[in-house]
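Contents: one structure, followed by commentary.
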Amino acid sequence: MAHPRISSLCVLGLSLSLMDPNSAQAASSDVSSLKLTPEICITGADEKACEIRVELRWELPHNELICILSDNADYPKLCSDTPEQQSISLNVSTLTDIHFVLVSKESNQTLAGAKLKITSTSQPQVRRRYRNPWSLF
């Protein structure tokens, strides 16, 4: 009778150890992240550029100097001045999506990424069919 009781206690102990907030926090703090706010820019027409102010905020396991690169030539390398700096804001004017990449200034290793998505509200022009598909003539 003691055997089932021991196994249920082991399962309970394992469950509690997995739910420990300190162990979950330690695992998540080892990961670098880059957050872009806002992530989407909505334009009124296909040819109109998205003009928006965005904030890039990053979290690192330990403070270090970083640089932010983008795939848009208008926004070259941006680097932090101090290891304590955790964000940067910039005005963006673009017709296409921009992918930002957070890299270590010392090792040039990629740490995280974020994407600004550009979306148009205009509906695509579709030509209406004059004949109905069920017409006999």
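The values are calculated or read from the model by the stated rules, or taken from the named source; none is laboratory data. All figures in this text were calculated on a predicted structure; none of them were measured in a lab. All Cβ positions, even for glycine, are placed from backbone atoms using ideal geometry, and neighbour counts span all protein chains on display.
Here are some notes:
- Here is the figure for the range 77-97: residues that are polar (S, T, N, Q), surrounded by 13 or more Cβ atoms within 10 Å (Cβ to Cβ) and not in a strand (DSSP E or B) total 3.
Here is a yes/no grid of residues against (1) among the basic types (Lys, Arg); (2) loosely packed, with under 13 Cβ neighbours inside 10 Å; (3) modelled with pLDDT under 90:
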residue	(1), (2), (3)
Arg53	yes, yes, no
Tyr75	no, no, yes
His99	no, no, no
Gln109	no, yes, no
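- Among the residues listed as Val103, Val92, the single one being modelled with pLDDT of 90 or more and in contact with a Ser or Thr (Cβ under 8 Å, 6 or more places away or on another chain): Val103
- Residue list for the range 52-76, filter: in a loop (DSSP other than H, G, I, E, B) and hydrophobic (A, V, I, L, M, F, W, C): Leu60, Leu65, Ala73
- Against the list (1) in contact with a Leu (Cβ under 9 Å, 6 or more places away or on another chain); (2) at pLDDT 90 or above, the condition Pro61 fails is (1).
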